[in-house]
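Participant: Got a structure here, written out as structure tokens. Questions coming.
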Amino acid sequence: MAYLLVRHAVKDYAQWRSVFDNNESLRAAGGAKAARVFQSAADPNQIVTLIEWDQIDNARRFAASEDLRKAMEQAGVVGPPDVLLVEEV
């Protein structure tokens, strides 16, 4: 199974969450199967997402997509995200 692990800071969690939830169909159309969201216990505006993908190539495409870049901008992501593609072993 392929996963996309993304860590980033946001201006406002509620704003970010709204955009994230509204883009579920975009992720699903690209091959995402499920997503989990985590917040730092010390700072609720530090977010980690773990998104399960049907194929690693689909995860790569999504991570590099203009749609993702636009969604992150709209969601108030601060600075570049840390993105890691991983496979379950």
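Participant: Can you tell me which residue in segment 72-89 is surrounded by the fewest Cβ atoms within 10 Å (Cβ to Cβ), limited to those that are outside any strand (DSSP E or B) and not hydrophobic (A, V, I, L, M, F, W, C)?
Facilitator: Checked segment 72-89; the qualifying residue surrounded by the fewest Cβ atoms within 10 Å (Cβ to Cβ) is 88.
Participant: When segment 60-71 is examined, which residues are found to be acidic (Asp, Glu) and surrounded by 12 or more Cβ atoms within 10 Å (Cβ to Cβ)?
Facilitator: Selection gives 67 alone.
Participant: Here's something else I'd like to know. Could you count how many residues in segment 1-17 are outside any strand (DSSP E or B) and in contact (Cβ under 8 Å) with a residue 12 or more places away in the chain?
Facilitator: The total comes to 7.
Participant: Continuing with the same structure: If I ask for residues that are at pLDDT 95 or above, assigned to a helix (DSSP H, G or I) and either among the small types (Gly, Ala, Ser) or surrounded by fewer than 16 Cβ atoms within 10 Å (Cβ to Cβ) (or both), which ones from segment 26-58 would you list?
Facilitator: 28, 57, listed by residue number.
The values are calculated or read from the model by the stated rules, or taken from the named source; none is laboratory data. Worth saying up front: this structure is predicted, and the values here are computed from it rather than measured. Cβ: placed from backbone, ideal geometry, glycine included. Neighbour counts: every protein chain shown.
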